[in-house]
Amino acid sequence: MIPFFFSGCGWRPRPVDDDIPGNHILASQLFSVADAGKVMYGHQDDLSYGHSWKVTDWKNDDLERSDVKDVSGKYPAVLGFDLGGIEVGDSCNLDGVPFGLIRKAALTHRSRGGVVTFSWHLRNPLTGGNSWDISSNQVVASVLEGGEKHEEFIVWLDRLADFLNSLGKAPVIFRPWHENIGSWFWWGGNLCSAEQYKALFRLTRERLEEKGVENLLWCYSPNGPISKEDYMSRYPGDDIVDILGTDIYEYVGNGTIEEAGERYVAQVKEMLSVIETISKEKSKLMCLSETGLEGLVDPNWWTGSLYPAIEGFPICYVLTWRNAHDKPEHFYAPWKGFVHEEDFKVFSEKKDIVLL
């Protein structure tokens, strides 16, 4: 695998130096993007399926299909995957993507010069439910040292470590325990104390490193918009976090599309302003780790909402969510033939937006 960096006029190969850890090389790559005033565009699950297709024979597939590429002629610079299910030994993640395909897609994308980021919607170890099972506020306590599920959770972390180690030296971003100020996941704001959340994040990093996982950049990504005080209230620590992120989506609701767009732009700007202040104080990378408008009902969402919201902020990447092949209305990027695809083409060709 040949690491890449951004030189100001495009992606260029960087000589391999075994003395430099892969995550340091990736951090340098991302800092170079932000310092150049560029933003890498990312899409969840992009190589594994799209709006009306999916990879079925991943072992023999070259993984050249992409909804983003079908529209723009380029791959997204950042590729996102979720590892939910790896902890219990499933062969596929919670969206039905084989972990073998995820591994192959991640390595293929890195070989093309792209960046890979992993989220983790894991099961609820106390109740047996999913990440959204918030029926108990004792789940985080149960997995910490001394808790009734601690030993089982260590096994879960070890299975996660085995997968991450199977990537070899390929550096990736890991974004666990996200949207933690809200209370829709079992690790959310009303489900555990701030100290318990911090301990959970620290336990995760320390255990993975004990198991030899060394090539991660760790992203902290609360839901936004929130104040600086709220953002930092559960911050795990400078020694734990490498990238400051946030998840913000646009929702139309009962209002108009125009009102939704204006609200989204204001919210993203407000949140990125908060993160930029912290980023400068701590010399950390920053990103818009999840965003999008389901169904892209606004024909000018890319140039009228997303771009004005992020323009001028030193984020290294922005990632929109997935195009579900089995849910026709659940998509966050255009595909070839989509009625509003032209607006994405305009967005993708802007001088400060990076695709591969």
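On inspection, Ser221 passes the criterion of being small (Gly, Ala, Ser) and touching a His at 6+ places or on another chain (Cβ under 9 Å). Of the helices (runs of 4 or more DSSP H) lying entirely inside segment 226-331, those carrying at least 1 residues that are more than 24 Å from Ser183 (Cα to Cα) are 257-282, 307-310. Against the test of being without any contact (Cβ under 8 Å) to a residue 60 or more places away in the chain, under 30 Å from Asp95 (Cα atoms) and either aromatic (Phe, Trp, Tyr) or touching a Phe, Trp or Tyr at 6+ places or on another chain (Cβ under 8 Å) (or both), the options Trp321, Trp301, Trp335 yield a single qualifying residue, Trp301. Output yes when any residue across segment 126-148 is hydroxyl-bearing (Ser, Thr, Tyr), in contact (Cβ under 8 Å) with a residue 24 or more places away in the chain and closer than 30 Å to Ser32 by Cβ, and no when none is. No, every residue in segment 126-148 fails to be hydroxyl-bearing (Ser, Thr, Tyr), in contact (Cβ under 8 Å) with a residue 24 or more places away in the chain and closer than 30 Å to Ser32 by Cβ. Evaluate the following for Ala266: is it out of contact with any strand residue (DSSP E or B) (no Cβ under 7 Å at 6 or more places or on another chain), modelled with pLDDT of 95 or more and crowded, with 23+ Cβ neighbours inside 10 Å? When the stated conditions are applied, Ala266 does not pass them.
Does Ala161 satisfy the condition of being crowded, with 21+ Cβ neighbours inside 10 Å, over 22 Å from Gly245 (Cα atoms) and under 19 Å from the mean Cα position of the chain (by Cα)? No, not satisfied. Whenever a residue of segment 79-100 is touching a residue at least 60 places away in the same chain (Cβ under 8 Å) and closer than 19 Å to Ile173 by Cβ, its partners that are in a strand (DSSP E or B) and of a type in the set (Ser, Thr, Tyr), lying with C-beta atoms within less than 8 angstrom and at least six residues away or across chains, give the pairs Gly80/Thr117; Gly80/Ser119; Leu83/Ser119. Inspection of segment 147-158 identifies at least one residue that is surrounded by 18 or more Cβ atoms within 10 Å (Cβ to Cβ), in contact with a Pro (Cβ under 8 Å, 6 or more places away or on another chain) and under 25 Å from Ser289 (Cα atoms).
For segment 269-286, the candidate set comprises residues that are closer than 17 Å to Val33 by Cα and of a type in the set (Gly, Ala, Ser); within that set, the residue that is surrounded by the most Cβ atoms within 10 Å (Cβ to Cβ) is Ser279. Residues that are in contact with a strand residue (DSSP E or B) (Cβ under 9 Å, 6 or more places away or on another chain), part of a loop (DSSP other than H, G, I, E, B) and not small (Gly, Ala, Ser) within segment 59-77 comprise Arg65, Lys74, Tyr75, listed in sequence order. The condition of being within 23 Å of Phe81 (Cβ to Cβ) and in contact (Cβ under 8 Å) with a residue 24 or more places away in the chain holds for Leu160. Glu281 meets each of the listed conditions (1) on the phi < 0 side of the Ramachandran plot; (2) touching a residue at least 12 places away in the same chain (Cβ under 8 Å); (3) not aliphatic (A, V, I, L, M) apart from (2).
The residue of segment 113-131 that is nearest to Asp45 (Cα to Cα), among those that are out of contact with any strand residue (DSSP E or B) (no Cβ under 8 Å at 6 or more places or on another chain) and crowded, with 18+ Cβ neighbours inside 10 Å, is Leu122.
Listed here are the helices (runs of 4 or more DSSP H) enclosed by segment 87-181 that have at least 1 residues being touching a Leu at 6+ places or on another chain (Cβ under 9 Å), over 21 Å from Lys211 (Cα atoms) and hydrophobic (A, V, I, L, M, F, W, C): 99-111, 139-143.
Residues in segment 163-196 that are of a type in the set (D, E, K, R) and in contact (Cβ under 8 Å) with a residue 60 or more places away in the chain: Lys169, Arg175, Glu179.
The values are calculated or read from the model by the stated rules, or taken from the named source; none is laboratory data. Only a predicted model underlies this, so the values are computations on that prediction, with no experimental measurement involved. Because the Cβ atoms are built from the backbone with ideal geometry, glycine has one as well, and the counts that use them run over all protein chains shown.
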